[in-house]
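Worksheet: the structure to be examined is printed underneath.
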Amino acid sequence: MTVSTQEAAAALDDVARVHHRSAVLRGYEHGAPHFLLWGVIWLVGYGGTYLYPAAANPLWLVLDVLGIGGSYLFVRAAPRSASPADSARGARFGALALAIAGFIAATYYVLRPHSALQFAAFPPLLMAFAYTAIGVWRGVRWAAIGITLAVLTVTGYAFLPAYFIAWMAVCGSASLLLTGLWMRRA
């Protein structure tokens, strides 16, 4: 049986579509535990900040260390191939975590927020941007959480300043938790 050029091209296109779809679903599967972890961290962090504002700095320091450590463990536990790129995944994750922390610290230093609300709004907006950018290449669910998180953050900041921290505890953490569950269903 002879296969025409068009049939071969169509078969290769089908294989490429399946490969892309499986890569997107794998990305959702690997991202889900991170969203669930950080959803809990945001619930505890923003909730604790709302209830005990004086304890916010040490609370967030502990939660960020736990979150980064937990995310690192998720990265290390994810199935990997024998490729050199995969063997450096943990180191790349650590470098990314340091880069994000450095960027946030430098931005706070240069722009010097004048209120606790500005401090509280910046990390979710940064993550919203990151998720949306990832979504451009890695799947619509990433972009959906990025856009949702940005809209929720700006809405709470603009219209509910007295309750913004509580708003983020409920809406910010719920959006991350629901996204984690949505990605697990991929």
Summing Lys, Arg as +1 and Asp, Glu as -1, what charge do residues with Cβ under 15 Å from the Cβ of residue 32 carry, residue 32 excluded? +4
The chain: Rg/Rh from Cα coordinates, Kirkwood Rh? 1.08
Highest-first arrangement of 133-143, 100-110, 165-175, where packing means the average Cβ count within 10 Å: 165-175, 133-143, 100-110
Cα gyration tensor category, rounded, prolate or oblate, for region 80-186 with a/c compared to 1.5: oblate
Using a Gaussian network model of the chain whose springs link C-alpha atoms within less than 10 Å, name the residue from 45, 69, 156 with the highest mean-square fluctuation. 69
If each residue's Cβ is checked for other Cβ atoms within 10 Å, how do 29, 7 rank with the fewest at the top? 7, 29
What is the local net charge at residue 183, summed over the other residues whose Cβ is closer than 10 Å to its Cβ (Lys, Arg +1; Asp, Glu -1)? +2
Show that you can apply the helix-only estimate: for the chain, add -39,500 (n - 2.57) for every DSSP H stretch of four or more residues, divide by all residues, and state [θ] at 222 nm to the nearest 500. -28500 deg cm²/dmol
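Quick note: the coordinates plus some simple rules give every number you see, no bench work behind them. Not measured: the values here are computed from a predicted model. Cβ coordinates were reconstructed from backbone atoms using ideal geometry, including for glycine residues, and neighbour counts include every protein chain displayed.
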